[in-house]
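> Submitted below is the structure of interest, expressed as structure tokens.
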Amino acid sequence: MNAAIPLIDSDLVGTTGARHGAMGYLTDTTLCIGCKACEVACKQWNQLPMDNLEWTGYSYDNTKDLSATTWRHVAFIEQLDGTNGHSPGVMPPFQSNWLMMSDICKHCVKAGCLEACPTGAIIRTEFDTVVIQQDICNGCGYCVPSCPFGVPDLSASDHKAHKCTLCYDRMVDDLEPACSKACPTDSIQFGPIDELMQRAERRVAELHQRGVKSAYIYGDRAVGGTQGIDGLNCFFILTAEPEVYNLPAYPELPQDKVGSAWLATLGAAFAIGAVAVAALRGR
Amino acid sequence: MTTRYERTWDNRRKQSKQTPADESANGARSVTDQTRASYYGVPVIHKPHWKWLIIVYFFVGGISGASYVLASIAHLVGGKDAGRIVRAGRYLSLAALLPSPILLILDLGRPERFHHMLYILKLRSTMSVGTWILTIFSGFCGLSALIQAAEDGLLSRIGFANRLLLALPAKAIGAIGSLFGFGMSGYTGILIAATAVPFWAKNYRLMGPLFLTSALSNASAAITLTLSLARGTSHSTLQRLEHLDMLAAIGELTLLIMARRNLGPVIARPLREGSLGNIYRWGVLGVGITAPLALLSLTRLKPHAAPRLLAGISAALTLIGGFLFRYVFVMAGRASADDPQATYEFTRRERPLG
């Protein structure tokens with residue numbers, strides 16, 4: 001057994017967020033050049049098969065979406081002129097109106113997939129990341145629609161759910177995850193999330209100063225993360241509305257609805273019981 | 001440093017509305033226009049893989065739970081001539097239950113690992129709660145069916161078991177089992193509501209009651225159909241069931257209208273457009289609810305015009321409608337998960353923050 005993997009320590013591996021030692025990513029989209037090194041590094045390290053060998057026509061994006069075999073996905077957003085559909089004549093302060101963003105599992109502080117998982121296959125690790133244990137997952141697929149960001153997916157080859165592990169196997173050996181290691185512009189930065197958040201705030205302030213007034217942190221814990229979800233361990237610096245990057249603006253934790261949904265159902269059960277008693281009563 | 005106020009998107013949106021010049025100065029589309037566009041139409045969330053196995057399970061599982069509830073209620077308050085309803089309800093409940101675990105296990109990506117769900121209970125995971133409801137309900141359902149078999153004299157050859165089953169408190173078992181029967185019929189609605197799928201989650205308070213009411217209507221129809229085919233069913237028994245059928249159909253219609261209104265135009269798109277919209281309009285609302293209601297009203301107006309035939313036909317139509325309801329709601333959920341506009345609409349929030 002590798003002593004570096006404290007798998008039996010109940011303090012470290014639990015289903016609720018242990019905030020100490022939380023690790024994550026800051027993905028600064030203002031630095032992304034769309035080289036896809038993160039996608040490739042992720043596939044190489046995690047031995048993920050290729051997928052979607054086709055031209056999508058979606059700018060330079062041929063990966064389309066996060067999936068069971070794509071854990072990093074670079075989106076290419078060409079912002080066209082509203083009036084004639086061409087590139088705008090006057091460029092905004094940076095990136096020539098071309099947004100690139102490397103999407104990934106957000107490793108939510110309150111994770112919909114983790115709470116949905118009926119087998120306990122999805123756990124929170126000592127790094128506060130969310131990992132699917134492949135030896136437990138039975139492929140029920142409930143985590144797939146339970147993620148407000150559309151991250152986990154069932155694999156067509158082994159029929160189990162897969163998503164980013166934040167390179168758990170590298171972190172336990174004190175290695176930086178593959179994607180941030182490969183990122184040539186430091187658009188993807190890895191580290192303790194408190195430190196990353198401070199860095200993100202400094203960066204946003206700097207961007208504002210330099211004229212990019214639209215920069216903000218998506219998943220900012222100081223304002224409750226995305227409002228519905230209490231915080232993302234992988235957060236982003238964005239310069240347009242979340243929907244432009246195909247991110248939900250205010251995603252909610254699906255399981256927050258379970259309590260009132262059961263209450264309503266209980267009320268309905270009483271009503272139905274009363275109706276049935278009235279209708280079936282013997283004379 | 002940015003203030004807390006500036007950091008929230010609601011407030012940012014307000015600001016951009018106040019100063020549209022900032023956005024359009026460089027000739028680019030306004031932010032809100034881009035929002036309407038979406039990222040090449042790629043879905044924001046992933047849809048579940050659930051299809052026919054789950055649709056059929058939602059149908060038979062609902063009937064199983066609600067038949068059990070109806071049989072138990074008939075046993076408790078129905079008096080002497082409710083015996084046929086009790087018998088039909090208990091046997092139907094078991095018959096509908098038997099395929100349920102098979103359908104669910106076949107739907108798993110790794111069916112041989114189904115037992116991984118039985119080592120843990122997570123109250124906030126409706127799949128986990130549902131697994132346990134199904135497991136416990138199976139016990140009650142099987143036991144009540146055995147009691148019925150003993151009462152019908154089918155087990156008289158096994159003297160010991162026969163005596164034991166007849167000595168059991170059948171009414172108490174039915175009452176406790178009914179709680180799980182309700183759970184069986186209703187949890188499926190909560191299961192799909194507690195997801196990020198706009199079509200399901202938008203109506204999270206209505207999905208459980210809707211599935212429950214539909215299950216009751218289907219179970220009542222299944223019992224009516226069985227008894228209308230059986231010889232010697234009394235007129236009063238059928239009348240009681242028809243009464244229940246009507247009330248259930250009216251309840252279902254009310255909930256469907258409420259759900260449709262609450263969805264709004266964007267998220268309800270699958271109900272309006274395409275073949276799914278047609279199946280919803282003509283199949284669920286027409287064949288499943290309006291036609292049975294009309295037939296049942298007819299039997300009330302003319303009590304002697306072939307009551308058994310009309311009751312049987314209306315019950316069969318209700319069952320077809322109940323199945324189509326589950327088909328439409330599962331498929332519409334999948335369609336809305338694929339529609340980025342539905343997700344944007346669902347995750348947009350107008351309430352002030354911070």
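Read-outs throughout are calculated quantities, based only on the coordinates presented, and are distinct from any laboratory measurement. The structure displayed is predicted, hence computed values, not measured ones. Note: ideal-geometry Cβ built from the backbone for every residue, glycine included; neighbour counts use all protein chains shown.
> Which order do B:His243, B:His46 fall in if you start with the one that has the fewest other Cβ atoms within 10 Å?
The fewest-first ordering by Cβ neighbours comes to B:His243, B:His46.
> May I pose another question? Collect residues whose amide H, placed 1.01 Å from N in the peptide plane, falls under 5 Å from the amide H of A:Ile188; neighbours closer than 5 in sequence don't count.
A:Asp28
> Same structure, new question: Which order results if A:Ser59, B:Ser275, A:Ser187 are arranged by neighbouring Cβ count within 10 Å, fewest first?
Ascending number of Cβ neighbours within 10 Å: B:Ser275, A:Ser59, A:Ser187.
> Using every alpha carbon pair in the range B:52-347, what percent of pairs falls into each 10 Å bin from 0 up to the bin containing the largest distance?
7, 27, 32, 23, 9, 2, 0
> At a Förster radius of 56 Å, what calculated FRET efficiency corresponds to the Cβ-Cβ distance of B:Leu166 and B:Thr254, to the nearest 0.05?
0.85
> Roughly what percent of Cα-Cα pairs across the protein assembly as shown reach past 38 Å?
Result: 40 percent of Cα pairs exceed 38 Å.
> When the helices in the protein assembly as shown are scored as -39500 (n - 2.57) per DSSP H run of 4 or longer and the sum is shared across all residues, what 222 nm value do you end up with, to the nearest 500 deg cm²/dmol?
-16000 deg cm²/dmol
> Going by how many other Cβ atoms sit within 10 Å of their own, how do A:Glu78, B:Glu242 line up, fewest first?
Ordered from fewest to most neighbouring Cβ atoms within 10 Å, A:Glu78, B:Glu242 come out as A:Glu78, B:Glu242.
> Considering every residue in A:71-79, what mean count of other chain Cβ atoms within 10 Å of its Cβ is obtained?
Per residue, the number of nearby Cβ atoms from other chains is 2 on average.
> Could I get the Rg over Rh figure for the range B:140-295? Both from C-alpha atoms, Rh via Kirkwood, rounded to two places.
Looking at the range B:140-295, the ratio lands at 1.09.
> Something else about it: When you take every Cα atom in the range B:235-299, what is the radius of gyration, and what is Dmax, the widest Cα pair distance, in Å?
14.3, 48
> Which FRET efficiency value, to the nearest 0.05, is calculated for A:Gln44 and A:Ala271 with the Förster distance at 51 angstrom and r the Cβ-Cβ distance?
According to the calculation, E is roughly 0.30.
> Mind giving me the nanometre distance, one decimal, between the label points for A:Asp169 and B:Ala306, set 7 Å out from Cα along Cα→Cβ?
6.9
> Can you tell me what the convex hull of the Cα atoms of the range A:195-274 projects to on average, as an area in nm²?
One quarter of the hull surface, i.e. the mean projection, equals 6.8 nm².
> Considering Cα pairs under 8 angstrom that are at least six residues apart, work out the relative contact order of chain B and quote it in whole percent.
24
> Another question, if that's okay. Testing the spin-label approximation: label points 7 Å from Cα along Cα→Cβ at B:Leu118 and B:Ser236. State their distance in nm.
Result: 4.5 nm between the two label points.
> Quick check on my link table: of A:Lys43/A:Lys106; A:Lys36/A:Lys160; A:Lys64/B:Lys202; A:Lys36/A:Lys181; A:Lys110/A:Lys257; B:Lys47/B:Lys202, which ones sit more than 20 Å apart, alpha carbon to alpha carbon?
Beyond 20 Å between Cα atoms: A:Lys36/A:Lys160; A:Lys64/B:Lys202.
> If you stretched the chain out fully between B:Leu106 and B:Ile176, how much longer would it get, using 0.36 nm times the residue separation minus the C-alpha to C-alpha distance?
Once the chain is fully extended between B:Leu106 and B:Ile176, it gains 22.3 nm.
> Going by amide H atoms built from the backbone, whose H comes under 5 Å of the H on A:Phe236, apart from near neighbours?
When sequence neighbours closer than 5 places are left aside, the close amide H contacts are A:Thr27, A:Tyr218.
> Taking the Cα centre of the protein assembly as shown as the origin, how large is its charge dipole in debye, to the nearest 20, when only Lys and Arg (+1) and Asp and Glu (-1) carry charge on their Cβ atoms?
Here the size comes out at about 2840 debye.
> To the nearest 10 degrees, how steep is helix B:83-97 against the longest Cα principal axis of chain B, on a 0 to 90 scale?
The answer is roughly 50 degrees.
> Angle between the Cα long axis of helix B:291-301 and the longest principal axis of chain B, 0 to 90 degrees, nearest 10?
Result, in degrees: 50.
> Positive end of the dipole of the protein assembly as shown, charges at C-beta (+1 Lys, Arg; -1 Asp, Glu), about the Cα centre: which of B:Val69, A:Cys32, B:Phe182 has its Cα farthest in that direction?
Farthest towards the positive pole: B:Val69.
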